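In what follows, a structure is listed as structure tokens, so that the remarks can point back to it.
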Protein chains: 2
Amino acid sequence: MGTEHSPEVLDRIYEPVRERLDKVGDDLSALSRNQSPFLAELLGHVLENKGKRIRPALALLASNFHPNDGRKAEIMAAAVELLHIASLIHDDTVDNSEVRRGRPTVNSRWGRDTAVLLGDYVFATSAIYVCDTGSIRVIRQFSKAAMELSSGELEEIAAVNNWNETREEYLERIYRKTASLFCNVGEAGAVLSGASEDIVQSLTWYSRNLGMAFQIVDDILDIQATSEEMGKPVGSDLARGIMTLPAIIAVERHPKNNPFFSLFQDDGDEESQSRAVDLMQDSSVIRESYEVAEQYGRKALDCLSGLTQSPSRDSMEDLVAYVVGRRS
Amino acid sequence: MGTEHSPEVLDRIYEPVRERLDKVGDDLSALSRNQSPFLAELLGHVLENKGKRIRPALALLASNFHPNDGRKAEIMAAAVELLHIASLIHDDTVDNSEVRRGRPTVNSRWGRDTAVLLGDYVFATSAIYVCDTGSIRVIRQFSKAAMELSSGELEEIAAVNNWNETREEYLERIYRKTASLFCNVGEAGAVLSGASEDIVQSLTWYSRNLGMAFQIVDDILDIQATSEEMGKPVGSDLARGIMTLPAIIAVERHPKNNPFFSLFQDDGDEESQSRAVDLMQDSSVIRESYEVAEQYGRKALDCLSGLTQSPSRDSMEDLVAYVVGRRS
């Protein structure tokens, strides 16, 4: 699988839906118009900061396997990006993050209270969008994904300082936190295009596996990246007492005398911290972690095998390579 | 209008829907089952604490003007109570409240991070419930009410220390914060019963006016109640720099040399604080505030005039008297 990861690569992958993706972006930017000055300022801040746009792109790509006018998938794309933005606003509040993608977070600039309420507002706005798809199935799955997202994050809090967490618990948690929404997006794109249930299932499972790979790589990058690359501190999960796959693999390899136990028992022990980071950054631990992501990547590709060849299918294959190969 | 306000009065008002209201309560309590230990504990805490249940009762009463099996209105009743609970969890977090109805808040017992995520979880759960009504119209209005609720609270933050706020601005803000959801609940109950559009409109506007009266009285009680009665400190709105109707009336009467200006400019000035409370607690200011609530109450009663006489209509009339007459 490839290791390309620059924004140009994503632009090329998004080619079959790029114009529509830009249109969705413009629609979202327009949300800050006709608002009170305070809300306009807040919405302007969170909506102008475009990320990778993987979720909206996925909604649009998944709608390209059955003829349709594309309008409902665009609405879905906007809805899922809004839900993602809402969850980032609350995540940054919960983590007390100062910076996201090089810019101040809502909580750091306007305070945590405003961030809580703005997240609620954007969340509710995403729900209005998804209603406009007119599909009860899609709306229901969207609400379920939102519920799983927050339950995954609550489980993360419950698992803080649990150095003993298993792979299975970790995988269940990242399914809820990330893959559930990916899953919903792929399903929604396909359902809204009017595709047959076979195609819907293929795209749902493709998206689920893609989401798992995406979160695993995100967690690997968390311990590898320098502050400049991620726009957040190195090893932020470990600092919060959260075990991710590299940490779990490190514990599996060193069941006795591993530094995670003392690190999580005795908060702030610098020597344990440094040993834990070393164990996680061990090249074979990183390699094994990427291998797990690649397994999900292969499963995602398998799900595409029954679909007709098309530029959108090619893009979805390339998206897998991008996700498991990305280094930022 | 009456001034009865004990829980027994509400029980009597809810009589036409009491069994179904209890059933909805049991359904909600069951949500904490089959969850992870952490989530079960959190949900148990927020769901066992039953409040006045005005919103779910309203959904059920509004569904009684057209023959139907009642199931969809019960789902709606559960959805709106969950949304209300989610908003209380976030409100308490934003306000840093320690206690609600005599029990520790989620933020005080488990921390603000958990409270933010639990609120999101309960919010998303309410969205799943409302999907089960099967009515896109109801789901969309529900999302809109949730959006208006958070925008009303954001406007409250934007209006902090604005001693110059007008009645119109205040009324618009409490519409968003409270009456919009009441409005949605009355509409939903009627729509889900299959009632004609005339009946739907009557019940929508009844609920909107009831919601306005409810919030105005809530704001009056905020400055009148002792800590024991409300389970929160006296004059908490004023302490947060929020102008409510009694404060606005006090400023209208004393346009010059009023203490609100210096109170909000010079945070913590005890003399201004005490003068402001005195002006707001003036019996004629309180009376005028109640009169505004009563005007909304009368409008609510007018909306019922075209509906067939029934125990549910009687209850809705009594509910108006309860809301504008309540002293706790």
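The values are calculated or read from the model by the stated rules, or taken from the named source; none is laboratory data. Note that the structure is predicted; figures quoted are calculated from it, not measured. Backbone-built Cβ (ideal geometry, glycine too); neighbour counts: all protein chains shown.
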What pairs come out if I take residues in the stretch A:272-298 that are of a type in the set (D, E, K, R) and pair them with residues that are buried (at least 20 other Cβ atoms within 10 Å of the Cβ) whose C-beta lies under 7 Å away, six or more apart or interchain?
A:ARG275/A:PRO259; A:GLU288/A:ILE249; A:GLU294/A:VAL324
Working only within the stretch A:150-161, note down all residues that are at the interface with another protein chain (Cβ under 8 Å from one of its Cβ atoms) and not aliphatic (A, V, I, L, M).
A:SER150, A:SER151, A:GLU153, A:GLU155
Determine which member of the set B:LEU43, B:LEU60 is crowded, with 18+ Cβ neighbours inside 10 Å, within 14 Å of chain A (Cβ to nearest Cβ) and in contact with a helix residue (DSSP H, G or I) (Cβ under 8 Å, 6 or more places away or on another chain).
B:LEU43
It is to be established whether one or more residues within the stretch B:87-102 are over 24 Å from A:VAL138 (Cβ atoms), hydroxyl-bearing (Ser, Thr, Tyr) and in contact with a strand residue (DSSP E or B) (Cβ under 9 Å, 6 or more places away or on another chain).
no
Look at the stretch B:259-285 and say how many of its residues are out of contact with any Leu (no Cβ under 7 Å at 6 or more places or on another chain) and not in a helix (DSSP H, G or I).
4
Within the stretch A:88-110, considering residues that are facing another protein chain (nearest Cβ under 9 Å) and modelled with pLDDT of 95 or more, the one farthest from the chain's Cα centre (by Cα):
A:TRP110
Of all residues in the stretch A:168-214 being closer than 30 Å to A:ASP237 by Cβ and surrounded by fewer than 19 Cβ atoms within 10 Å (Cβ to Cβ), the one that is nearest to the chain's Cα centre (by Cα):
A:TYR175
State the number of residues belonging to the stretch B:17-40 that are within 24 Å of the chain's Cα centre (by Cα), of a type in the set (Lys, Arg) and surrounded by fewer than 18 Cβ atoms within 10 Å (Cβ to Cβ).
2
With criteria (1) within 8 Å of chain B (Cβ to nearest Cβ); (2) out of contact with any Cys (no Cβ under 6 Å at 6 or more places or on another chain), A:ASN164 comes up short on (1)
Does the stretch A:44-65 include one or more residues that are small (Gly, Ala, Ser), more than 20 Å from A:GLN215 (Cβ to Cβ) and under 18 Å from the mean Cα position of the chain (by Cα)?
no
For the stretch B:133-155, which positions are among the acidic types (Asp, Glu) and either surrounded by 24 or more Cβ atoms within 10 Å (Cβ to Cβ) or at pLDDT below 95 (or both)?
B:GLU153, B:GLU155
Considering every residue within the stretch B:15-31, establish whether at least one is more than 21 Å from B:ALA146 (Cα to Cα), out of contact with any Pro (no Cβ under 7 Å at 6 or more places or on another chain), more than 14 Å from chain A (Cβ to nearest Cβ) and assigned to a loop (DSSP other than H, G, I, E, B).
no
Given the conditions (1) surrounded by fewer than 23 Cβ atoms within 10 Å (Cβ to Cβ); (2) more than 20 Å from A:LEU181 (Cβ to Cβ), report the number of the one that A:LEU117 does not fulfil.
(1)
For a quick check of your reading of the model, give me the residue pairs whose first member lies in the stretch B:45-70 and is under 15 Å from B:LEU28 (Cα atoms), whose second is of a type in the set (S, T, N, Q) and not in a loop (DSSP other than H, G, I, E, B), with beta-carbon atoms closer than 8 Å and at least 6 apart or on different chains.
B:LEU47/B:SER29; B:LEU47/B:SER32; B:GLU48/B:SER29
Matching residues, the stretch A:128-149, being within 7 Å of chain B (Cβ to nearest Cβ) and in contact (Cβ under 8 Å) with a residue 24 or more places away in the chain
A:GLY134, A:LYS144, A:ALA146
B:SER289 being part of a helix (DSSP H, G or I), of a type in the set (Ser, Thr, Tyr) and either closer than 21 Å to B:GLU15 by Cβ or in contact with a helix residue (DSSP H, G or I) (Cβ under 6 Å, 6 or more places away or on another chain) (or both):
yes
Filter result (surrounded by 24 or more Cβ atoms within 10 Å (Cβ to Cβ) and not β-branched (Val, Ile, Thr)) within the stretch B:88-97
B:HIS90
B:LEU60: in a helix (DSSP H, G or I) and more than 23 Å from B:PRO104 (Cβ to Cβ), yes or no?
yes
